[in-house]
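No lab work stands behind these numbers, since they all come straight from the coordinates. The model shown is predicted, which means the values in this text are computed figures rather than measured ones. Please note: Cβ atoms are built from the backbone with ideal geometry, for glycine as well, and neighbour counts cover all protein chains shown.
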Amino acid sequence: MSRKLGEVFAAYDLEKNYTKNEIFELYVNTSYFGDGYYGIYSASMGYYNKLPKDLNLDEASMLAGVPNAPSVYAPTVNPDLAKKRQKHVLNKMVEYGYISQDEANSIK
């Protein structure tokens, strides 16, 4: 219980001092993406040999699902589960209006 309370205060401090975009940037630049890759730059270069800004929707949506469970969803560890997780990411992107259903279907 005390750990959870500490997390609440830490979250409050983060949101007080940083914008949501800054918090997200901190997250993607320090998250583990499997195969020894920490941060989106390392994962992008390692998996696709591309800068993050050059990833297409297929590649970006694949990487977006990995940090949830890198030992399970890393594309090199279990391609089928990684693809299943990518579909989940794409469905959420459609649900929240970031992409169209047609765009998601073209990747699925």
Work out how far the C-alpha atoms of the chain reach from end to end along every principal axis, then list the three figures in whole Å, largest first.
-> 43, 32, 28
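Let me check against my output: what whole-number percent is the relative contact order of the chain, with C-alpha pairs under 8 Å and at least 6 apart?
16 percent
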Of 15, 95, 25, which is the most mobile in a GNM of the chain whose springs link Cα atoms less than 10 angstrom apart?
-> 15
Here region 29-36 yields Karplus 3J(HN,Hα) values (6.51, -1.76, 1.60; θ = phi - 60°; whole Hz; Gly and Pro given as x) of 8, 10, 5, 8, 10, x, 6, x
Expected vector for region 78-89, Karplus 3J(HN,Hα) from phi with 6.51, -1.76, 1.60 and θ = phi - 60°, integer Hz, x for Gly and Pro, equals 8, x, 5, 5, 4, 5, 5, 5, 4, 4, 4, 4
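Hey, what did region 54-107 get for relative contact order, percent, Cα under 8 Å, at least 6 apart?
Values: 41 pairs, mean separation 15.3, N = 54.
Once divided by the residue count of region 54-107, the mean separation gives 28 percent.
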HN-Hα J in Hz across region 59-68 - Karplus 6.51, -1.76, 1.60, θ = phi - 60°, x for Gly and Pro | 5, 5, 5, 5, 5, 4, x, 5, x, 4
Which of the listed residues, 81, 60, 107, is farthest toward the dipole's positive end in region 54-107, when Lys, Arg count +1 and Asp, Glu count -1 at the beta-carbon?
-> 81
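Gain in length, residue 26 to residue 14, computed as 0.36 nm per residue apart minus the alpha-carbon separation, to one decimal in nm?
Working: separation 12, 0.36 × 12 = 4.32 nm, distance 1.07 nm.
Length difference between fully extended and current span is 3.2 nm.
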Note down the net charge around residue 64, summing +1 for each Lys or Arg and -1 for each Asp or Glu among other residues with Cβ under 12 Å from its Cβ.
-> +1
Say a paramagnetic label sat at a point 7 Å from the Cα of residue 96, along Cα to Cβ; which residues of region 1-33 have their backbone N under 12 Å from it?
-> 21, 24
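When the helices in the chain are scored as -39500 (n - 2.57) per DSSP H run of 4 or longer and the sum is shared across all residues, what 222 nm value do you end up with, to the nearest 500 deg cm²/dmol?
Helix contribution divided over all residues of the chain: -20000 deg cm²/dmol.
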